Ligand SMILES: CC[C@@H]1C(=O)N(C)c2cncnc2N1C1CCCC1
């Protein structure tokens, strides 16, 4: 039945010019595309640089919302930390600029969104694909730790998947410089699910806390739910403090079980280092694809001219 004119929903397409944003420092124009989502103070959009056609993921933070100085400090720290980082498995920081009412942070666009989205679709991941993800994250994490940075908030939603199906560590908002144990911050921050026991006991974050979080990521990819999840926060905290997660499924390979057990160890010093993890059987034995199979993503592949099939 042809939709009569009055029944066609009027799509309120705002005039095009209101979707153009200009970087006052360079005069470069950017066309604001679809809303990617919201995170913290930011609304996130796809942004296209008009002159080059290059696409970015932009965090747009309304300056009106940055009322408290510590909020502005947090944004400035994220920028100052992230802009110095260049690694294949760390989300690329392109640039930032301010307009009259917003701060724009332009980041590498990851067409396949995050591991959190992927897992919502697929529920669990095969060991070979989890191995591939873990390998990418380990390489990115090695780079951060080598530069004296601890991420502190590794979770599926902060692990982004590029157009080439490579995993990139993002959201450096909570990353902090490595400090000697006595001077470490002790306030608890980040999602409760992946916080390490020593962080809950306010003994501060060392690189070992990232290893614990990575263990939680690996567990969630292979099993389909976080290792420490329960109806109330107190119960979750208790489970974390005792490193008490459910028995690993018997279908898990011996090397996966052994690595998970090592990473989810209560004492930080008893956990493996990143180098030890990279040389563990789980990472070295068995087939590891270079990148995630496209079949995983819910975003259709971009038809490339040279497809041979
Ligand atoms: C721009 C914010 C964030 C992000 O950091 N990157 C790199 C990203 C890159 N590509 C797509 N989305 C990204 N996101 C999403 C947007 C909504 C929530 C998190």
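Okay, which of segment 101-135 sit inside 18 Å, backbone N to the point 7 Å along the Cα-Cβ direction of residue 54?
104-111
To make sure I understand, if each residue's beta carbon is the centre and we count other beta carbons within 10 Å, what order do 106, 200, 141 fall in, fewest to most? List each step's numbers first, then the result.
On the way: 106 22, 200 15, 141 26.
Going from least to most buried by this count: 200, 106, 141.
Arrange 19, 231 by Cβ neighbour counts within 10 Å, fewest through most, would you?
Working: 19 15, 231 7.
Ranked by crowding around the Cβ, least crowded first: 231, 19.
Suppose R0 equals 35 Å; then what is the FRET efficiency for residue 146 and residue 73 from their Cβ-Cβ distance, rounded to the nearest 0.05? Write down the numbers at each step before the final one.
On the way: r = 26 Å, r/R0 = 0.73.
The formula returns an efficiency of 0.85 here.
What order, most packed first, do the peptides 44-51, 165-172, 240-247, 126-133 have when packing is the mean number of other Cβ atoms within 10 Å of each residue? Intermediate results must be reported in sequence, preceding the final value.
Working: 44-51: 17.9, 165-172: 23.2, 240-247: 14.6, 126-133: 20.6.
Sorting 44-51, 165-172, 240-247, 126-133 by mean packing, highest first, produces 165-172, 126-133, 44-51, 240-247.
Which semi-axis lengths, in whole Å and largest first, follow from the square roots of five times the eigenvalues of the Cα gyration tensor of segment 49-119? List each step's numbers first, then the result.
On the way: eigenvalues 101, 51, 36 Å².
Equivalent ellipsoid semi-axes, largest first: 22, 16, 13 Å.
Just subtract the alpha-carbon distance of residue 200 and residue 26 from 0.36 nm times their residue separation and send over the number in nm, one decimal.
Details: separation 174, 0.36 × 174 = 62.64 nm, distance 4.49 nm.
Full extension of this stretch gives 58.1 nm more.
Ranking 155, 74, 88 by Cβ neighbours within 10 Å, fewest first, what do you get?
Going from least to most buried by this count: 88, 74, 155.
Residues in segment 134-169, backbone N under 12 Å from the label point at residue 291 (7 Å along the Cα-to-beta-carbon vector): list them, ranges by number please.
From segment 134-169, the list is 161-168.
So how much slack lies between residue 250 and residue 120, counting 0.36 nm per residue of separation and subtracting their Cα-Cα distance, in nm? List each step's numbers first, then the result.
Details: separation 130, 0.36 × 130 = 46.80 nm, distance 2.31 nm.
44.5 nm is the gain from fully extending residue 250 to residue 120.
Bear in mind these aren't lab numbers, they're just calculated from the coordinates by the rules spelled out. Model, not experiment: these values are computed from the prediction. Glycine also receives a Cβ, built like all others from the backbone with ideal geometry; neighbour counts cover every protein chain displayed.
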